[in-house]
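Written below as structure tokens is the structure these notes are about.
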Amino acid sequence: MTFSDKLSKFLDENFFITLSEAKKLGLNPMTLSRMTAAEELFRVEHGVYAHNLDWLTDSLKKYAPACAL
């Protein structure tokens, strides 16, 4: 399983991934930066990344980044 597959599986189960969770999956922080630059991920907060921004339209899910920290 590649890093991209691990990340996709994790993000399918969760809305966000934190930097520490990514490190536990074996992802390099530079990989997250590159994926953000390529618009494959979105940086929501410092150290918190999301695959898409659909959660912004949900009245409760929009507070998830604060809870992830």
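The values are calculated or read from the model by the stated rules, or taken from the named source; none is laboratory data. Predicted, not measured: the structure shown is a model, and the values here were computed from it. Quick reminder, even Gly has a Cβ in these numbers, built from the backbone with ideal geometry, and neighbours come from all protein chains shown. Please note that ligands, DNA and RNA were not included when accessible areas were found on the heavy atoms of the full protein model with its side chains. Shrake-Rupley method; radii C 1.70, N 1.55, O 1.52, S 1.80 Å.
So, in the range 14-43, exactly how many residues are open to solvent by 80 Å² or more (accessible area, probe 1.4 Å) and at pLDDT below 85? Walk me through how you get there before you give the answer.
Looking only at the range 14-43, we keep the residues that are open to solvent by 80 Å² or more (accessible area, probe 1.4 Å), and these are 15, 23-24, 28, 30, 34, 37, 39-40, 43.
Filter once more, so that each one left must be at pLDDT below 85: 15.
Total satisfying the criteria: 1.
Residue count for the range 1-13, restricted to those that are part of a helix (DSSP H, G or I) and open to solvent by 60 Å² or more (accessible area, probe 1.4 Å): 7. For Lys62, the criteria (1) at pLDDT below 90; (2) within 20 Å of Ser4 (Cβ to Cβ) hold in every case but one, which is (2).
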